[in-house]
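One structure coming up, written as structure tokens, with questions to follow.
Throughout, read-outs are computed from the coordinates displayed, never taken from laboratory work. It should be emphasised that the depicted structure is a prediction, and the values quoted were computed from it without experimental measurement. When we count neighbours, we look across all protein chains shown, and the Cβ atoms used for this are built from the backbone with ideal geometry, even at glycine.
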Amino acid sequence: MSIKLDSKVPEGELSQKWMNYRSKMPLVAPNNKRRIEIIVVGTGLAGASAAATLGELGYKVKCFTFHDSPRRAHSIAAQGGINAAKNYQNDGDSVYRLFYDTIKGGDYRSREANVHRLAEVSTDIIDQCVAQGVPFAREYGGLLANRSFGGVQVSRTFYARGQTGQQLLLGAYQALSRQIASGAVQMYNRHEMHDLVVIDGKARGIIVRNLLTGKLERFAAHCVVLASGGYGNVYYLSTNAMGSNVSASWRAVKRGALMANPCYTQIHPTCIPVSGDYQSKLTLMSESLRNDGRVWVPKEMSDVEAIRNGSLRPEDLPEEKRDYYLERRYPAFGNLVPRDVASRAAKAACDEGKGVNKSGLAVFLDFADAIERYGKSEALKNGIKNPDKATITKLGEGVVEAKYGNLFEMYEKITGENPYKTPMMIYPAVHYTMGGLWVDYNLETNVSGLFALGECNFSDHGANRLGASALMQGLADGYFVIPYTIGTFLSKEIRTPAISTDHPAFASAENETRARLEKLINIKGKQTVEAFHRKLGLIMWEYCGMSRNAEGLKKAKKLLQDLRAEYWSDVLVPGEIDEFNPELDKAFRVADFMELGEMMVEDALNREESCGGHFREEYQTEDGEALRRDDEFTYVAAWEWNDNTDSILHKEPLVFENVELKTRSYK
Amino acid sequence: MSWFSQFLKSSIGKKLIMSLTGLFLVLFLVVHLSGNLQLLSDDGGESFNMYTKFMTSNPLIKTISYVTYFLILLHTIQGIMIWRQNRGARASRYAVSSTKHTTFASRNMGALGTIILIFLLLHMYQFWLQMKIDATEMVVYGDYEPVKDLYALVAVAFKQPLYVIIYVLSMIVIAFHLRHGFQSAFQTLGLNHIKYNGVIRFLGNAIAILIPLGFAFIPVFFYLFR
Amino acid sequence: MKLTLKIWRQKNNSTPGKFESYQVQANEHMSFLEMLDVLNQDLIESGKDPVAFEHDCREGICGACGVVIDGQPHGLLKGTTTCQLHMRFFKDGDTVTIEPFRAQGFPVIKDLVVDRSSFDRIIQAGGFISVNTGQAQDGNAIPVEKEDSDASMDAAACIGCGACVAACPNASAMLFTSAKVSHLALLPQGEVENEKRVANMVKQMDLEGFGNCSNTYACEAECPKEISVENIARLNRLYFKSSLASE
């Protein structure tokens, strides 16, 4: 079977493409919209904004979430902010600059036209959110405030304290609630998608499990929109929520959709390290901490040992015995190198045995210098002459508290250590997945009538995502892209009557789903789902984590296949199918993660270069930096699942007409 | 008037009734206490009895007193209904419930109110009813018409230790009821402002202590010194 | 550390529940929910029904988790969700009682899981600003006083966990409702719809079977986001205006 990947990028000059395309796009008349049904799966930024907007337009929308409320989607946990090319700060920002930064930050592995469109609509997002009542931070003059974020030279990030994701999601949730109240959107909470129904090559419905009763239910529509998030939980430990899963996307893959660039995972450098093997998730500390924190490990192994066994407090180690390795290796950017670079450097330090906690997987993020620096300048401001050490520290801590107070508090809650007095311990953790369902310019997958938005598609971040861009993409897709592009498909469907759930495709999908659940619950093996998930995570982290090599990946593939076989013969799922059964929900998700893991490994093995979040040890420069191979790998790797053999690779070449491919350097 | 009855039936409307009637009853207590303090004047009850006469015969005061009866009734009935509804809002009780963050008074306004109501009934029976059914002696002061000698009735009552104890304990209950009720009424009215909260709290505490103290002082004084 | 857990077990809303005791081996670095994970692994492996509890982000923002621990929603720490509570606040040998949020507005689904969709319905009744996508003017067109914006954000920080209802002796949902009303009312964009919003949200809140606020302020004390009861006073004011003064 051959699949032709047509990106459907419109002709014309880059900056005009979207505007022209939008103006000429086929529309669906209001009288037809009333009849046309759309299923939206997921209620994060992308899903909620899409469902709300499609409802406002007059479509009949059915929206699904496995959560008890749309407001719980994991977009809510985003801390830092959202980018937009508003240029309110008059610092030279522009749509082009945001486009360029995003392409470069993505290590030249994303589609120019999609990224430019993202940059264009970014400004509308801010306007929309303000109108919805998102309480963005403001200056004393009453206008919107901005801050700067990693990897860029302008201040374009809008924020609502450290809870930007929460506030944006609540904005979208409220817009969605309004449509639910008006009857335009029917909301199904605690309903999880278990299969995609494809009729005559078109996505026409889904099979869902009502998580309260365990009953399988059929829902039909003219098209299906997936906005079900990323798959970071394949690593078990990640900053994702416990429930975040790949299953909705993966079910689509099993029905023929392609998974693009699954190996691109973003490892965030500043997370709280793992404290023990019972650990269930990792907590992110905002990237903004690296503005003031200095990353170090001890130079001498003897000091490492002393710190680990508690005989030496890190704050007592003299300056000359510390290795500020980021400042040493990357003098130009220092502690502010992009996420992928900072993460790999931390791993390198720990691989040398310099890890500073008991497990050897942590480095220090030290604010002592910042406290002293701020303290001195504060003293100067307050006219205190010759301040003593205690005064400086007190004043400095005040400044640091004003900037990062909530993060420091969170750190102390989790670890029990006071980061004002002793350096924080941090370690990289899986945070975001750039890969996802392959979509064209319309955000439509290769399965006709199946759309994918937000983190669950692959489209905008290439091999690495810049900070504060995930929120931007989710809302761009939901508010300002899909409402238009969905018309390209639906305008051809206006004569299609309501789809019936009595179609044999629904019956067979439901039967397959039931059979799969029955199989899972009847294995009655010895190991819990959690135990398997941990094992899966360990394999993925070890061989397909921060750095990868061919040998390890091959080994991982075998390990994953064995683990999958073991899972289907030894997993222990308590309870029944037809009841509220969170363990069964998990078992279903972990089964899909296992298959996805194999595909990730295949993709990582295929991509014989290092780019963004994907670092292949064989492809690095002499001083250990990532080595991209543009001649051979400037393409999107879209994978087709095959139950019996390896996944099948389809390539979409990436054409760069507007930017020149360069090697990123932060030295 | 459907909008009005709708408002009164809403949770916030009900609370508004409690708050306004409550504040009115605080005022009533102030007036009542100022009258009662005349019991202390050493004139064999003349000023007190004359005051009683005035209070029971002036048409304006009489009207206000009927309003007061009505508001007491309203405060009580509404209170009982709210209490019932609040209990119903949590049919299944906690096995362990924390009282760390709430005051005793705020948690027990219903119970405190019930005790106050019982006291009130006793109080009304003892004095108000006796007066109404003309069970009191008449007394004449100077050129005035004869007036009922409520003072004598009070003086007898306040010599009974049991009654004094009940009276004092009831005043303590009123103190707790007022302590939460006063500032709570302001919160219900929406008057919560960082600049004035301190004043309201101070005033509330002052009222909650001084009014019941004033009331309780009289029977104790009578018991010990008259 | 070894703990005795007294956990409320209830098969579903139509079956009465009861407490059962369990022993669990925890350590001080675990989060409270990780301690429950350990218990559940033991229960599953020994063929017993694991304890159902709701959780998702495990970093204190999604609002999914929430149980009553020794009488306090989200446990003894101030400004903390259940998932952020760590075991170092417990001692070896402690007995810990774990109950669901109890309120008629939050029917029990199973064990410690309750149905909080009443909160969704309160928001649907009016907790939004009626603006369609694409209708917005420039974000800087309406300046918002920083203090108002900050106060709005303080209220908007609500995570919809329901601890306010759980803590309230009357199971009242006033703090939740007032937080959303305040968030929107404090912004010029939201002020336009104030009267309608307040009337509809309060009406829905009353329909859901929550109790009446009696100003005990237990909600504010137990709120993991420390949302102030000032918002309740604001809701009252707006409600009076909406009911008594609007046309």
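Packing-wise, with mean Cβ within 10 Å as the measure, how do C:124-137, A:258-271, A:500-513 rank, highest first? Present the calculation step by step, with values, prior to reporting the outcome.
Details: C:124-137: 20.1, A:258-271: 27.4, A:500-513: 15.6.
Top of the packing list down: A:258-271, C:124-137, A:500-513.
Which whole number gives the average count of other chain Cβ atoms within 10 Å of the Cβ atoms across peptide A:405-417?
On the way: counts 0, 0, 0, 0, 3, 4, 0, 0, 9, 6, 3, 5, 0.
For peptide A:405-417, the averaged partner shielding equals 2.
While we're here: In whole Å, what are the Cα extents of the stretch B:61-128 along the three principal axes, biggest one first?
49, 20, 19 Å, listed from the longest principal axis down.
Could you work out the per residue convex hull volume over the alpha carbons of the stretch A:509-653, in cubic angstrom?
Values: hull volume 18.0 nm³, N = 145.
It is 124 Å³ per residue.
Now for a separate question. Which whole number gives the average, over all residues in A:41-53, of C-beta atoms from other chains lying within 10 Å of the residue C-beta? Don't jump to the answer; show the numbers that get you there.
Numbers: counts 0, 0, 0, 0, 0, 0, 0, 0, 1, 1, 0, 3, 3.
Mean shielding by partner chains, rounded to a whole number: 1.
Using the Cα centre of the stretch A:10-80 as origin and beta-carbon charges of +1 (Lys, Arg) and -1 (Asp, Glu), tell me which of A:LEU45, A:VAL61, A:PRO10 is placed farthest towards the positive end of the dipole.
The one lying farthest along the dipole's positive direction is A:VAL61.
Still on this structure, I have one more. Compute the angle between helix A:582-606 and the longest alpha-carbon principal axis of chain A, please, reported from 0 to 90 degrees and rounded to the nearest 10.
Taking the Cα atoms of chain A, the angle to A:582-606 is about 80 degrees.
How big is D for the stretch C:1-144, in µm² s⁻¹ as a whole number, if Stokes-Einstein is applied with the Kirkwood radius of its Cα pairs at 37 °C and 0.692 mPa s? Can you show the working numbers first?
Numbers: Rh = 17.2 Å.
Approximately 190 µm²/s, per Stokes-Einstein.
Using per-residue counts of other Cβ atoms within 10 Å, averaged over each peptide, order A:236-248, A:621-633, C:165-177 from highest down. Intermediate values should be presented prior to the final figure.
Working: A:236-248: 25.2, A:621-633: 14.1, C:165-177: 28.3.
In decreasing order of mean packing, A:236-248, A:621-633, C:165-177 become C:165-177, A:236-248, A:621-633.
Let me have the relative contact order for chain A, percent, based on Cα pairs under 8 Å that are six or more residues apart. Write out the running numbers ahead of the final one.
Working: 1434 pairs, mean separation 136.7, N = 667.
Result for chain A is 20 percent.
How much of the DSSP bridge set in the protein assembly as shown is antiparallel, in percent, rounded to the nearest 5? Before the final figure, lay out each step's value.
On the way: 62 of 87 bridges.
Antiparallel bridges make up about 70 percent of those DSSP assigns within the protein assembly as shown.
What does the average come to when, for each residue of peptide A:173-185, you count the partner chain Cβ atoms lying within 10 Å of its Cβ?
Details: counts 5, 11, 6, 4, 9, 9, 3, 4, 9, 2, 0, 0, 0.
For this peptide, the per-residue mean of nearby foreign Cβ atoms is 5.
Going by alpha carbons, how many degrees (0 to 90, nearest 10) lie between the helix axis of B:197-225 and the longest principal axis of chain B?
Computed tilt is about 30 degrees.
Name the lysines eligible as straight-distance cross-link partners of C:LYS110: C-alpha to C-alpha under 21 Å, and not fewer than 8 places from it in the same chain.
A:LYS215, A:LYS586, C:LYS6, C:LYS11, C:LYS18, C:LYS48
With springs only between Cα atoms under 10 Å, which of B:SER57, B:SER170, B:SER92 fluctuates most in a Gaussian network model of chain B?
Between B:SER57, B:SER170, B:SER92, it is B:SER92 that shows the largest mean-square fluctuation.
Could you tell me the convex hull volume per residue, in Å³, taken over the Cα atoms of the protein assembly as shown? Mind showing how you got there, number by number?
Details: hull volume 238.2 nm³, N = 1140.
About 209 Å³ per residue, rounded to a whole number.
To continue, here is another question. Could you work out which residue, out of C:LYS110, C:LYS146, C:LYS225, moves most in a Gaussian network model of chain C, that is, has the largest mean-square fluctuation with Cα springs under 10 Å?
C:LYS146
What Rg and what Dmax come out for the stretch C:68-205 when only alpha-carbon atoms are used, in angstroms?
In Å, with Rg to one decimal and Dmax whole: 18.3, 61.
Order these peptides, B:40-49, C:99-108, A:5-14, A:416-425, by their mean beta-carbon neighbour count within 10 angstrom, highest first. Walk me through the numbers before you get to the answer.
Values: B:40-49: 16.2, C:99-108: 23.8, A:5-14: 14.1, A:416-425: 17.8.
Peptide ranking by packing, descending: C:99-108, A:416-425, B:40-49, A:5-14.
Also, quick follow-up: What is the helix-to-structure angle for A:504-523, meaning the angle in degrees between its Cα long axis and the longest Cα principal axis of chain A, kept from 0 to 90 and rounded to the nearest 10?
With rounding to tens, the tilt is 50 degrees.
Residue farthest toward the positive end of the dipole of chain A, with Cβ of Lys/Arg at +1 and Asp/Glu at -1: which of A:VAL337, A:ASN114, A:ILE125?
Of the candidates, A:ILE125 comes out farthest on the positive side.
What percent antiparallel are the DSSP beta bridges of the stretch C:2-99, to the nearest 5? Walk me through the numbers on the way to the answer.
Details: 13 of 17 bridges.
Counting DSSP beta bridges with both partners in the stretch C:2-99, the antiparallel share is about 75 percent.
Highest GNM mean-square fluctuation, chain B, Cα pairs closer than 10 Å: which of B:TYR125, B:TYR151, B:TYR167?
Result: B:TYR125 has the largest fluctuation of those listed.
Write down the radius of gyration of chain A and its Dmax, each obtained from C-alpha positions, in Å.
24.8, 84
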